[in-house]
Amino acid sequence: MGRGKIEIKKIENPTNRQVTYSKRRAGILKKAKELTVLCDAEVSLIMFSSTGKFSEYCSPSTESKKVFDRYQQVSGINLWSAQYEKLQNTLNHLKEINHNLKRELRQWTGEELEGLDIKELRGLEQNMDESMKLVRNRKYHVISTQTDTYKKKLKNSQETHRTLSHELEHADEHPVFGYADDVSTNYESAVALANGPSQLYSFRIQPSHPNLHEMGYGSHDLRLA
């Protein structure tokens, strides 16, 4: 038995519709390739499924653009005129926006104000006042931030100064040679330390022999140089 004829209408079931499209797409692409090989034809085929999936075929000996150009020459239909016109309109609109923005910037600097009426001048003044407020607020914020930073640095410096002063006071109470009994001993120790290693060691000799006392010898300091 032969296959029954299928009624040509939209397949309502999405799954069946997609399966049918896949099968027939493969058949059409096969036929396009056969036409290219058997008949030396230039074929360009473009297909979009209901889901937006794109498929195409073009003969190896040509390009899709060349096929479209030949189609325009033969049919007299310009395929790109509508797109070109749309792009041209978009370009003109962007040029106008750019021109208006440049003019507005010049007006903000006090130029090209002759053609403005009182309403436009008031609007420009209000915009400049609002901009000045924003700039002023930003300036105060930056100043406040810098001031806080300097205060923190000053506080740290003061704390460091107090710590060093406290350590210096403790160093005066405990000199290098330990606790001293009198001020003179502290002074001699400091002088010996300042004069260098040659004056660090000092001995006081008291003559104990009576004859030495009679001969006028008193106490003498012997220093190791």
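The values are calculated or read from the model by the stated rules, or taken from the named source; none is laboratory data. Being a predicted model, the structure only gives us computed values, none of them experimental. Reconstructed Cβ throughout: ideal geometry from the backbone, glycine too, with neighbour counts over all protein chains shown.
Annotations
- Single residue of 97, 28 found to be assigned to a helix (DSSP H, G or I) and closer than 30 Å to residue 132 by Cα: 97
- Summed over segment 51-71, the residues that are surrounded by fewer than 11 Cβ atoms within 10 Å (Cβ to Cβ) and in contact with a helix residue (DSSP H, G or I) (Cβ under 7 Å, 6 or more places away or on another chain) give a count of 0.
- Any pair with Cβ under 6 angstrom, 6 or more apart, that starts in segment 82-106 at a residue that is without any contact (Cβ under 8 Å) to a residue 60 or more places away in the chain and within 19 Å of residue 127 (Cα to Cα) and ends at one that is among the aromatic types (Phe, Trp, Tyr) and assigned to a helix (DSSP H, G or I): none
- Of the residues making up segment 33-53, one or more are in a loop (DSSP other than H, G, I, E, B) and in contact with a Cys (Cβ under 9 Å, 6 or more places away or on another chain).
- Filtering segment 121-130 to residues that are surrounded by 11 or more Cβ atoms within 10 Å (Cβ to Cβ) and over 13 Å from residue 103 (Cα atoms) leaves 121, 122, 123, 127, 128.
- Whenever a residue of segment 1-30 is modelled with pLDDT of 90 or more, its partners that are among the aromatic types (Phe, Trp, Tyr) and outside any loop (DSSP other than H, G, I, E, B), lying with C-beta atoms within less than 7 angstrom and at least six residues away or across chains, give the pairs 29/57.
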